1. Read through the list (1) assigned to a loop (DSSP other than H, G, I, E, B); (2) surrounded by fewer than 15 Cβ atoms within 10 Å (Cβ to Cβ); (3) more than 21 Å from the chain's Cα centre (by Cα); (4) small (Gly, Ala, Ser), then give the number of the only condition that Ser354 fails.
2. Inside the stretch 152-174, can you point out the residues that are more than 17 Å from Val35 (Cβ to Cβ) and not in a helix (DSSP H, G or I)?
3. How many residues does the stretch 147-163 contain that are more than 16 Å from the chain's Cα centre (by Cα) and β-branched (Val, Ile, Thr)?
4. Please specify each residue of the stretch 395-425 satisfying the condition of being more than 13 Å from the chain's Cα centre (by Cα) and either small (Gly, Ala, Ser) or in a helix (DSSP H, G or I) (or both).
5. Of all residues in the stretch 394-449, count the ones that are buried (at least 23 other Cβ atoms within 10 Å of the Cβ) and aromatic (Phe, Trp, Tyr).
6. Just to check your reading of the model, which residue among Lys270, Lys288, Lys332, Lys299 is out of contact with any Leu (no Cβ under 9 Å at 6 or more places or on another chain), free of Cβ contacts under 8 Å to residues at least 12 places away in the same chain and within 24 Å of Val454 (Cβ to Cβ)?
7. Inspect all residues belonging to the stretch 349-364 and state whether any of them is without any contact (Cβ under 8 Å) to a residue 24 or more places away in the chain, on the phi > 0 side of the Ramachandran plot and not β-branched (Val, Ile, Thr).
8. Within the stretch 230-278, count every residue that is part of a loop (DSSP other than H, G, I, E, B), loosely packed, with under 15 Cβ neighbours inside 10 Å and at pLDDT 95 or above.
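The values are calculated or read from the model by the stated rules, or taken from the named source; none is laboratory data. Since the structure is predicted, the reported quantities are computational estimates derived from the model, not experimental observations. Cβ atoms come from the backbone with ideal geometry, glycine included; neighbour counts cover every protein chain shown.
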Amino acid sequence: MKSIKLNYLQLCLIPVCILEYLIGNNPSLSLIAWVTPLLWLTFFHYTKPIYAIFFAVICLTLIYATQHNVNILQGISFHITNLIFAFTYLLPFLVNRLLYNRIPTGLKWLLLPLCGVTVEYLMSLTSNGTWGSVGYTQTNIYLLQVLSITGIYGIVFIIYLNAALLFALISPTLNKKMRINFTGLAIGVLLITFGFGYIRLNTLNQVTQKVKVMGLTFQGESAWPWFRELVWEGKATIHKQKNEISVKSNQAHQYYLQETQKAIHLNQPKWVIWNEASLLILKADFRKFVQVNSSFAKKNQVFFGVTYFLAGNEFPQQKGENHLSIFAPDGKMIYDYQKNKPVDQMEPAVASTSPPQVFTVGNIKFAGAICADFDYPQLIRKIRLANVVFAPSADWPGIKDLHALMANARAIENGFALFRITSSGKSTLSDSKGRILNSQYHLKQATQLLVTDVPVDKSKSLYALVGDLFSWLCIAGLIAILLYAVIFYPKIN
């Protein structure tokens, strides 16, 4: 076997793995995300590509395997998912290593950020969505305003750009003039980004209206954990226990209505929204279910958003439908939406092909989508004209902060206020610039409320107008560099 020549800079694999472990278990340590790309660049640059990608993927997969609180898949699916995430995260560093010595110095600093955006954007078009994006490591509200121009990929570009510039600065081949230019570029990009964020946040929106909204999550002893019983544990099947399940469903529905009515009397909200998939409703009982909710909305004079799985007799073997339906104070159903992006391998639901819509009440434009739908910027951009968006969700504790942050990114990208009510997670209200105005962890085994006034405002957003133009420009830039490296520029090493 041929020996591997040791370069001491290869030992940066040790600290970068330690840092990756730390940020995986402590997402609030966002500064680490600015350091690790530089260390990965160094490791890949001083290691043969085949060895670099092999050892890096193995190490990172093992690190991800410790994070059972984030990835709750079981068996082989757990390990395959970790492997895919590790490889796609490291792919930009491998491409950078393969092309680095085939392109001019003036283009080297662009290679990594273009690769990073390209890989992440193409991954977002799969069932993975934007999970794993480097952009979600950042919480600074000034930095996040760049999302209103570029989408989440602007953060990815900036983090990788700074890593590439720092790597170039420590390179012995860079002359003094280039060092000064690269230093100025790095500082300039950060100043422009944070400066833009400061200006945008201090440009006042005229908020002339507020809407009082109450969200409820049902996790107490009297709640029905239907998803755990039927899907995860498989303790019941509808075709064998149809009557029993129908009775359970009706009892849970009545209990939730009682809890909701008590909360309405205490808080006097205009809108009421339940957390995702609060109930399982059999198709045979659906007409009665609609009538009961219609009467409830009319009796209590509220806009009433109910969330449920609509299931047939063969559920969960045959997939159901995940719905958000909103009833007006006159009893009419004014919005019915079926989830577009059910969670792969976890959620037995049919993916709808009908995107969320904007509907108008008075002079206010509303919309609603469900939980994982907000992991897909292209989908949520379809409701960019809304003033207020509802996001009933259901998480697990290991992703409570991360998933709330991901949904909040869509509010900045599209300039709408977002009310997110979440069981087993973090419920939030954010304004149209992504500032969290109210939040609450809904982890207790009880009925919990989030009652808040939602500002009806609208922030201007270039991303809402042009969509993923920035990402496509990055892809075009990478293709141009790739063609140059393959066709025009002779290999140096």
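1. Of everything listed in (1) assigned to a loop (DSSP other than H, G, I, E, B); (2) surrounded by fewer than 15 Cβ atoms within 10 Å (Cβ to Cβ); (3) more than 21 Å from the chain's Cα centre (by Cα); (4) small (Gly, Ala, Ser), Ser354 misses just condition (3).
2. Correct list: Ile152, Ser171, Pro172, Thr173, Leu174.
3. Initially, the stretch 147-163 is screened for residues more than 16 Å from the chain's Cα centre (by Cα), giving 149, 157-163.
The next check asks that each one be β-branched (Val, Ile, Thr); those that pass are 149, 158-159.
Counting residues in the stretch 147-163 that are more than 16 Å from the chain's Cα centre (by Cα) and β-branched (Val, Ile, Thr) gives 3.
4. Of everything in the stretch 395-425, those that are more than 13 Å from the chain's Cα centre (by Cα) and either small (Gly, Ala, Ser) or in a helix (DSSP H, G or I) (or both) turn out to be Pro397, Gly398, Asn414, Gly415, Ala417, Ser423, Ser424, Gly425.
5. Residues that pass the stated criteria total 2.
6. Lys299
7. yes
8. 1
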